[in-house]
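Just so it is clear, none of the values below were taken in a lab; they were calculated from the coordinates. This one's a predicted model, so the numbers in the text were calculated from it and none came from an experiment. Virtual Cβ from ideal backbone geometry, glycine too; neighbours counted across all protein chains shown.
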Amino acid sequence: MTVKSRILMSVAAFALAGAAPAAAQTEIQWWHALTGANNDVVVKLAEDFNASQKDYKIVPAYKGSYPDTLNAGIAAFRAGTAPHILQVFEVGTGTMMSAKGAVKPVHEMMKEAGEAFDPKAYLPAITGYYSTAKGEMLSMPFNSSSMVMWYNKDAFKKAGLNPDAPPKTWPEVFEAGKKLKAAGFEKCGFTNAWAPWANIEQFGAWHNIPLSTKVNGMDGFDAVLNFNQSPLFLKHWTNLAELQKAGVYDYSGRTNTGEGRFTSGECPIMLTSSGFFGNVKANAKFDWANAAMPYYPEAAGAPQNSIIGGASLWVMGGKKADEYKGVAKFFTFLSDVDRQVKLHTESGYLPITKAAYEKVKASGFYKDKPYLETPILELNNKEPTDNSKGLRYGSLVQIRDIWSEEMEAALNGQKTPKAALDAAVERGNQMLRQFERSASR
Amino acid sequence: MQKNAFFNGLTIPLMLLLPQLAITVVFFYWPATQAVWQSFLLQDAFGTSTEFVWFENYQLLFSDPGYLRAFINTAIFSSFVCVLSLSLALLFAVMADRQIRGAEIYKTLLIWPYAVAPAVAGVLWLFMFDPSLGMLARGLSNLGIAWNPRLNGNDAMLLVILAATWKQISYNFLFFLAGLQSIPKSVIEAAVIDGARPMRRFWTIVFPLLSPTTFFLLVVNIVYVFFDTFGIIDTVTGGGPSGATETLVYKVFADGKGGSNLGGSAAQSVVLLVMVIAMTAVQFKFIERRVSY
């Protein structure tokens, strides 16, 4: 044996020795869409889990925005290289659910893996969104949020409004917006991010108005959109279009790219996700708070309850039993009370279990930080009805784009609010019918 | 002396051609055929159920008013971008071709934007002209000009045209400059001696001699505006407001990637493919006749 080959041999042996412990571990791929501080949360969770046991190793990977991550998961599934866990935003729920064989339902996986699992331990407003009509949990809630109204207390003082009594109803918001505009917020008295989420999805749930037949799509893919038949929707869209013209309301875009208008102080009232908390805390140089979404007082029973946003963790199909065992253990680890308490109080996302919420409440945490409880109070405001459980439409990503387009057409005066509302429903139904055909096989 | 090399038989020529042919088939013809095939299918996102639907995707497409609007948007967008980027680049190239101090720096600076990816170019322009963030947008509003590409379709269209043009000027500039520098100085000098003024020299000598370059750039620019600009549109406007900046290629991208509507998106790509083939054929058949090589 030459010296050279001996060196090679020992290098190979060394490499093998180094690789051996890793080979005994089962790797679990976790694709997600969280950036910044939230990405750190994901990495920390994976590290903590990996340190807590020796058999499994969670490997998180950032795959871009929510739609990008969903597309990456779909493409990987088609190529046979899907990850074990895929984080999918709530809009993609219908798409994931309809993919028989592509996903492994969480309740089934937990049972097969022999993990203790009680779906009733989770907050019903959250799990309802991710469960079948029979109450079987399909995906694991992870980062949930809801829509709240953030407001600038300093601006309220400047405009002679009471910063401790934010407007409760839409007419009050309109009045406040006019006063704020007069007080120097010329570009925008109030606004919202996520236009379709704010003015269609949450609006319907909060006022107990159906968006479609079949329990907003939760009872079947043959749901037909019909929210254009509600006079309240028309009233709201008409109000917004008029106020846009008057410069009191100002449209801030389809996604959350306009959220900076709140933190920069340009827009003193902004309806957007409760997940905006981290950003507000870090960037707003004024006194701020949030409140529940406004409602129209004439709507019977309003406010009802809000619906969730954010994302959940889907388990992809076709993996080995041992790998599922690891995923199940990780989900149990995630649901741990103290871990949820920490996640909730640090990131601002909702606690997913009842026990975690109770614990945070009992600790008096919300006395100092009431803004973290607002979305939970909204979600639990009333027992969810068929109109406020959530919604489940296939192709919702595309349908939301259509809805945004029609809202924009109403706001810039291209169409009357009535015509825009009708078109939003009609075009959405076309998408639903196409999805129904491709999903029913 | 023999000028040309000939290979007898078939084996050697085929072997020499094979790598090129293989690449063309695998990377160009195979995906194109796949797109045609996909356009006849109705499939869910995960590909777990597939149905052959003949021409239904095309029927849906042509009954969609949004698709007609995308055609009109594309016509407006592409003609403005082509005309602006070609004429501005020619102007810059003619100016850079003169004997001026620091010409090298000037040229280098003009070529830089080409290194910027379309999506990044879009973000740069968005930063300047976003109604809330943009410095220039603030300037406009201070001047009393109502500028709101978030809701005003014309403003949004203008913004994507500017960004797409800016991105393409460098490339055109580079080719025009190379074309100008290959024109023999003696020809120009002869014209000067004959007393031709600069404008006349340009239109009767320089521009005709540049015609092969111009023709090449025209083809390249049309391909650019048709296929390469979705990154800009995606970052600047996302096709909005209310579809005002949704071009054909952006719709392919948005429906296929964002909406997982693969059949509809494939049908759109096929339509786009046919259109660009037709346009290129027209260019070569009619416009190329005016080109003197």
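Taking 24 Å as the limit for the C-alpha separation, the pairs A:44/A:329; A:178/A:235; A:214/A:354; A:245/A:415 exceed it in the case of A:214/A:354.
Between the Cα long axis of helix A:170-182 and the first principal axis of chain A there is an angle of about 80°, rounded to the nearest 10.
For the stretch B:245-268 versus the stretch A:242-315, the inter-centroid distance based on Cα atoms is 30 Å. Put in order of Cβ neighbour count within 10 Å, fewest first, the listed residues B:215, A:185, A:221 become B:215, A:221, A:185.
Working note: Karplus 6.51/-1.76/1.60 with θ = phi - 60° gives the stretch A:373-382 the couplings 8, 3, x, 5, 5, 5, 5, 9, 3, 9 Hz, where Gly and Pro are set to x.
Scaled to the globular estimate 2.2 N^0.38 Å, the Cα spread of the stretch A:185-285, given as radius of gyration, is 1.23. Each of B:94, B:249, B:236 was scored by other Cβ atoms within 10 Å of its Cβ. Arranged with the fewest first, they read B:94, B:249, B:236. Roughly speaking, what is the centre-to-centre gap between the stretch A:59-78 and the stretch A:114-180 when only Cα atoms are used, to the nearest Å? Each part's Cα centre sits 27 Å from the other's. With an a/c value of 1.5 or above and a/b not larger than b/c for the gyration tensor axes a ≥ b ≥ c computed over the alpha-carbon atoms, the stretch A:268-321 is described as oblate.
Quarter the surface of the alpha carbon convex hull of the stretch B:77-184 and you get the mean projected area, 8.1 square nanometres. The three principal axes of the Cα atoms in the protein assembly as shown give end-to-end lengths of 95, 86, 56 Å, sorted in falling order. Neighbour counting of Cβ atoms within 10 Å sorts the residues A:331, B:52, B:173, fewest neighbours leading, into B:52, A:331, B:173.
Cysteine residues of the protein assembly as shown whose C-beta has no other cysteine C-beta under 4.7 angstrom: B:82. A cut-off of 5 Å between modelled amide H atoms, ignoring neighbours fewer than 5 places along the same chain, links residue A:284 with no other residue. Looking at the protein assembly as shown, the DSSP beta bridges with both ends there are about 65 percent antiparallel.
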